[in-house]
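Let me begin by presenting the structure, written as structure tokens, before commenting on it.
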Amino acid sequence: MCSLLWLSARGYPRNITALGEHIGRPELSICVSRFLAAQHGLDIDADADADDLDPRFHDSNRRVVVFPFAIAIFYAPGDPSGTGGMRREWIRATPSWRNGPARYDCAYVVMDPELEGFRGLHVVWVRLFFSFTFENKVFPCALVEWYVPVGDEPDEVTGMWAVEPELDEDGQRPCEVIHLDTILRSAHLAPIYGSRLIPRMLEPWQTLDAFQAYFANKWIDYHAHKYVS
């Protein structure tokens, strides 16, 4: 379970169209429209625009609230706090963390709860946490970019699954709005290094977009090993 604390981030527009322009994602408004259509059981094409959707789902002046982080709470057997307990961790999406550079964390999204381990999960890069109200119901959401699995099995040497950034036909990373309830917990990606030298000026927050592929690191902690194997 993932939830937002009611501590909104400062400096963001409250209008969905202005917010999209502010974060460099002018497609945010239509992403929200597709999300709402899907929440109402409609099968929406990823390329659908406002004219293809029921008008009630699309509102370019929709009011939104942005949050700098979310809290994931999940079952953590063997946690130091005691067996059978729950664990809580923070997932951040902020342009400045602790008065320093940006921090946009990765997370595991549950795609198929019937499948065990990583086969039932996907990795996303969280770009924004926000919420809005539609028909008197509050929707806590995340704007994400996807990483897709490389192959059908984990790497034979490391035992970790490899993923790569999802790219569209123009070589750009598309984004999507998902419900916060689909996020399981944070994810740690380890770059798959090649033979080229890494630039000295590469900042930590830039690494999630600087490599062709990554390992979903199940060795980062006990809980990751349990959920991602």
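The values are calculated or read from the model by the stated rules, or taken from the named source; none is laboratory data. A quick note: this is a predicted structure, and the numbers were derived from the prediction, not measured. Quick reminder, even Gly has a Cβ in these numbers, built from the backbone with ideal geometry, and neighbours come from all protein chains shown. When the accessible area is computed, the model is the full protein with side chains, heavy atoms only, and any ligands, DNA or RNA have been set aside. Shrake-Rupley method; radii C 1.70, N 1.55, O 1.52, S 1.80 Å.
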Original post:
Roughly how tilted is helix 28-39, in degrees to the nearest 10 and between 0 and 90, from the longest Cα axis of the chain?
Top reply: 80
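Just to check, using Stokes-Einstein with a Kirkwood Rh over alpha carbon pairs, what's the diffusion coefficient of the range 103-218 at 4 °C and 1.567 mPa s in µm²/s? Display every interim value, and only then the final one.
Values: Rh = 15.4 Å.
The estimated diffusion coefficient comes to 84 µm²/s.
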Original post:
Of all the stretches in the chain, which is the longest one without any exposed loop site, taking trypsin sites (Lys or Arg not before Pro) in a DSSP loop (any state but H, G, I, E, B) with at most 16 other Cβ atoms within 10 Å?
Top reply: 99-195
**OP:** Starting from one equal scatterer on each C-alpha and no solvent at all, send me the Debye-based log10 I(q)/I(0) for the range 141-196 at q = 0.18, 0.27, 0.28 Å⁻¹, two decimals.
**Re:** -0.83, -1.21, -1.22
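Taking Cα pairs under 8 Å and at least six residues apart, what relative contact order does the chain come out at, in percent? Show your work: numbers first, answer last.
Numbers: 444 pairs, mean separation 42.1, N = 229.
Computed value for the chain: 18 percent relative contact order.
Name the GluC sites (Glu not before Pro) in the range 166-207 that are in a loop by DSSP and that have at most 14 other C-beta atoms within 10 Å, would you? If you can, show how the numbers build up before the last one.
Numbers: sites: Glu166, Glu169, Glu176; in loops: Glu166, Glu169.
Passing both the DSSP loop test and the Cβ count: Glu169.
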Original post:
Can you give the Rg to Rh ratio for the range 171-229, taking only C-alpha atoms and Rh from Kirkwood?
Top reply: 1.02
**OP:** Would you kindly find the accessible area of Cys106, with a 1.4 Å probe and non-protein molecules such as ligands, DNA and RNA excluded, rounding to the nearest 10 Å²?
**Re:** 10
Original post:
Which whole-Hz ³J(HN,Hα) couplings does the range 96-112 yield from phi under the Karplus relation 6.51 cos²θ - 1.76 cosθ + 1.60, θ = phi - 60°, glycine and proline marked x?
Top reply: 8, 10, 6, 6, x, x, 5, 9, 10, 7, 9, 8, 8, 10, 6, 9, 9
Original post:
Once every DSSP H run of n ≥ 4 in the chain is given -39500 (n - 2.57) and the sum is divided by its residues, what mean residue ellipticity at 222 nm do you get, rounded to the nearest 500 deg cm²/dmol?
Top reply: -3000 deg cm²/dmol
Original post:
How far, in nm, would the chain grow between Glu21 and Ile73 when pulled straight, counting 0.36 nm per residue and subtracting the alpha carbon separation?
Top reply: 15.5 nm
**OP:** Using a 1.4 Å probe and ignoring any ligands, DNA or RNA, find the accessible area of Ile198 and quote it in Å² to the nearest 10.
**Re:** 80
**OP:** First compute the accessible area of the range 113-191 with a 1.4 Å probe, then give the percent of it belonging to carbon and sulfur atoms.
**Re:** 46
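For the range 106-165, state which GluC sites (Glu not before Pro) are in a DSSP loop and have at most 13 other beta carbons lying within 10 Å of their beta carbon.
Values: sites: Glu114, Glu116, Glu135, Glu145, Glu156; in loops: Glu114, Glu116, Glu135, Glu156.
Here the sparse-neighbourhood loop sites are Glu114, Glu116, Glu135, Glu156.
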Original post:
Per residue, how much space in cubic angstrom lies within the convex hull of the C-alpha atoms of the range 121-164?
Top reply: 90
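Restricting to Cα atoms and excluding each atom paired with itself, what does the Kirkwood estimate give for the chain in Å?
Values: mean 1/r = 0.0532 Å⁻¹.
Hydrodynamic radius (Kirkwood, Cα pairs) of the chain is 18.8 Å.
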